[in-house]
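What follows draws every value from the coordinates through simple rules; no lab data is involved. Keep in mind the model is a prediction, meaning the values are calculated, not measured. Note that we place each Cβ from the backbone using ideal geometry, even for glycine, and neighbour counts take in every protein chain shown.
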Protein chains: 2
Amino acid sequence: MNLTPSPFAPASFPHLPEVKGVRAATGSRGFYARRGVTRDDVFLFAFDEGTTCAGVYTVSRTASADVRWCREALKEGKGLARALVANSGNSNAFTGPKGRDKNEATLAALVATLGVPKEQCFLAATGVIGEPLPDPNYVGAFIPELAAKLSPPDWEAATRAFMTTDTFTKAAGTSLDMDGTTVNFAGIIKGSGMIAPNMATMLGYIFTDAAVAPDVLQEVLQDITDETFNCITVDGDTSTSDTVMVFATGASGVAPITSRDDPRLDSLAMALHSVCLELAQLVVKDGEGAQKFVTIEVTGAASHLSAQIIAAHIANSPLIKTAMAAGDANWGRIVMAVGKSLEPIDDEALAIWFDDVQVAKDGARMPDYSEAAASAVFAKREFTIRVDVGAGDQSATMWTCDLTHGYVDINGAYRT
Amino acid sequence: MNLTPSPFAPASFPHLPEVKGVRAATGSRGFYARRGVTRDDVFLFAFDEGTTCAGVYTVSRTASADVRWCREALKEGKGLARALVANSGNSNAFTGPKGRDKNEATLAALVATLGVPKEQCFLAATGVIGEPLPDPNYVGAFIPELAAKLSPPDWEAATRAFMTTDTFTKAAGTSLDMDGTTVNFAGIIKGSGMIAPNMATMLGYIFTDAAVAPDVLQEVLQDITDETFNCITVDGDTSTSDTVMVFATGASGVAPITSRDDPRLDSLAMALHSVCLELAQLVVKDGEGAQKFVTIEVTGAASHLSAQIIAAHIANSPLIKTAMAAGDANWGRIVMAVGKSLEPIDDEALAIWFDDVQVAKDGARMPDYSEAAASAVFAKREFTIRVDVGAGDQSATMWTCDLTHGYVDINGAYRT
């Protein structure tokens, strides 16, 4: 099928800095051949010796074989990474022993071709769930060809290789001066549907030539994930393959950060946070069928978790998301979503704003409520819905998109 | 807007038996006048002295003023009922003190006109959330006109009066021989969107001329609700007005059931269960935009609650519901939904059936999987998805519908 491009698609692929210590290659293994499509569908990243990594994975009880391997490798490999292979077109989830066989064959090929330890190789797969590969070595047999092409990354080509229903390539990068050395960050991400905030979402990879001890990198990534990837939703569905990983090659030559007390960690975490936030928001902006990007802010909650739960109920409500699509400032549905969250609220203190237009206060519609002013906000491509629930001083923010005919079309036609 | 009729709309309104001790009247108060529509939008039911009742209401934290009053009346009135008034077009939710004023004025009119105790009068409102009525006595002033018209119920007219986005009138009835006396049941319901299984859904009323003590009736209704109204979903959204009530006039002349040990209670509960189940399923069949009616059965769960949670994740998943709409037998998405439930499962024992076609067993696709056979089931208007999660011996059933373009249209155009 032809997917209509998202209105948020950037004019061109963003400039990403060079990240020392990272090489990449992409190729077409043929995952899309039976649909009559030829496109790159596998990428291989290779990392210099000493590269550390951190990962956050789906909490799904039906996680893919690849996710299960990554969890094991992260532990067994002591946070070191030498290779990453991902394919699109098949998620290798719910494939039983065959899924594990595919991983073993791919890992054996990486060990043989690159001469690296097995448990420092990470795998990912995205696409159809439950369809076994034609043979266990389907990806493994392709590794030598990819390895021969390894070179400084063509970020755009890599991003294209793991797209599924994505309508545009999504990437973000930044640089940082650390002790007089420039440290670079490049992040790429794929994801459009089956997106819900549950510990990790989609496939996202951030590469940096900073040097960070694995345990520190893991803690930082987890904190950042809670404020970025876990705060987005497209449809409330959680993928079996969700993965976010950071690889730090140390090849910039900067001295390693080995403890949380290192004064340089703050600026590193801020840089990583900005890249992750941009990647996360790009996923919502390319949400299946999305025409609008909406920020949900909940304030006055009894706890941060409570604020998050209320925000998620608003961000996931099909009734609110269809109203966004229609440009209908249907604020009563926001009251409904707050109510069904079952979180502590003071319903007689509830207040609601659309951008700067207050539509409700003290648990009722504004006396001078203007439908025209409220509708003008809902007509915008990007806006903020803020709700104060009057039960405390905690807050949370989430990002969501509208529910359009495009979502229904895409998900009737595309076999994920 | 013109709503496309549901494919499940019956050819005609069902035959309902006469329920002794119940009178009704309907009228057009003008709630839809500003949309240029003239239709009945208020009903009044009056019950003979001695009528008992039971009620189950939304758990929403932003419940309507009417729901709050009903909870209070159920307690203060000791389970006795003399009147029920409902209007469509305005839900009287999130209307603050004005909402309570409307209720007080309506109740005062009922007391003055019918000469009945205030706390034996029940109220309901459905429609737009958050819009205050033009004046507090808007419904109250209409009561004398309705009271003058009270007569044996025209069930179809009553059902029409409280419809909102419903595309057909929904009702069910049955009769029962009890000690040689015929006892009758008539149930009417409205609801199409904002439907999720959360203790009670929509506005549903069942009338019977059986005689049942209020505490017994309440227990029976709660048990039945858990297996009927709480097992349906259209969009996972929970209304601020959800109400299910049973009124038992005792006017059949049958001896009252006053304890749970009465041997006649089983047959009464079965009759009530059959009416509630039919009403609940009718709501799904008239789900906004629904073209398909799908039963979700989860077996092999660790507990009944766990089975319910897994079933709800399947029944509410937008990805599964769009696949149903497209007739795409996308069973991988069912694996996804089971996984995201976070409930205990044995993913290597997972099995899935579409009607009698088994598509997965032992945590993988069937070796002889036939896409044609699976698709043939998804092409049907009604079918069952059964999942065995291999973690125990508990089960649960839910009923859901597909997610279509119609849902997006209706909820962009209709202000609930």
For this session: Any chance you could check the Cα centroid distance between the stretch A:84-142 and the stretch B:163-186 for me, in angstrom?
Result: 59
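In chain A, once you exclude exposed GluC sites (Glu not before Pro) (DSSP loop, at most 16 other Cβ within 10 angstrom), what's the longest stretch remaining?
Working: sites that count: A:18, A:49, A:348.
Answer from the scan: A:50-347.
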Exercise. For the stretch B:331-342, in order, what is each residue's ³J(HN,Hα) by Karplus, 6.51 cos²θ - 1.76 cosθ + 1.60 with θ = phi - 60°, in whole Hz (x at glycine and Pro)?
Worked result: 6, x, 5, 5, 4, 4, 5, 4, x, 6, 5, 6
Exercise. Taking a ≥ b ≥ c as the square roots of the eigenvalues of the Cα gyration tensor of the stretch B:293-413, is the shape rounded (a/c under 1.5), prolate (a/b larger than b/c) or oblate?
Worked result: oblate
For this session: Answer rounded, prolate or oblate for the stretch A:128-277, using the Cα gyration tensor with square roots of eigenvalues a ≥ b ≥ c: rounded when a/c is under 1.5, else prolate when a/b is larger than b/c, else oblate.
Result: oblate
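Going down the list B:75/B:98; B:75/B:149; A:75/A:118; A:361/B:190; A:190/A:285; A:321/B:190, which pairs span over 19 Å between their C-alpha atoms? Walk me through the intermediate numbers first.
Working: B:75/B:98 23 Å; B:75/B:149 29 Å; A:75/A:118 12 Å; A:361/B:190 30 Å; A:190/A:285 12 Å; A:321/B:190 23 Å.
Among B:75/B:98; B:75/B:149; A:75/A:118; A:361/B:190; A:190/A:285; A:321/B:190, the Cα-Cα distance tops 19 Å for B:75/B:98; B:75/B:149; A:361/B:190; A:321/B:190.
What's the magnitude of the charge dipole for the stretch A:240-325 around its Cα centre, counting Lys and Arg as +1 and Asp and Glu as -1 at the beta-carbon? Answer in Debye, nearest 20. List each step's numbers first, then the result.
On the way: 5 positive and 8 negative charges, 35 e Å.
My answer is approximately 180 debye.
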Seminar exercise, completed: Distances in nm between the label point of residue B:223 (7 Å along Cα→Cβ) and its equivalents in the other copies, shortest first, are 5.5
Seminar exercise, completed: Inter-part gap, Cα centre of the stretch B:285-326 to Cα centre of the stretch A:200-273, in whole angstrom, is 36
Exercise. Once amide H atoms are built 1.01 Å from N in the peptide plane, which residues 5 or more positions from residue A:399, or in another chain, come under 5 Å H to H?
Worked result: A:232, A:233, A:296
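Quick one: order A:20, A:75 by neighbouring beta-carbon count within 10 Å, fewest to most. Walk me through the intermediate numbers first.
On the way: A:20 18, A:75 10.
Ranking A:20, A:75 by Cβ neighbours within 10 Å, fewest first, gives A:75, A:20.
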Seminar exercise, completed: Taking 0.36 nm per residue of separation between residue A:261 and residue A:71 and subtracting their Cα-Cα distance, the length gained on full extension comes to 65.7 nm
Seminar exercise, completed: Taking the label point 7 Å from Cα along the Cα-Cβ vector, the copy-to-copy distances for residue B:100, listed from shortest in nm with one decimal, are 6.3
For this session: In nm to one decimal, list the spacings between the residue B:48 label point and its equivalents in the other copies, with label points set 7 Å along Cα to Cβ, shortest first.
Result: 9.2
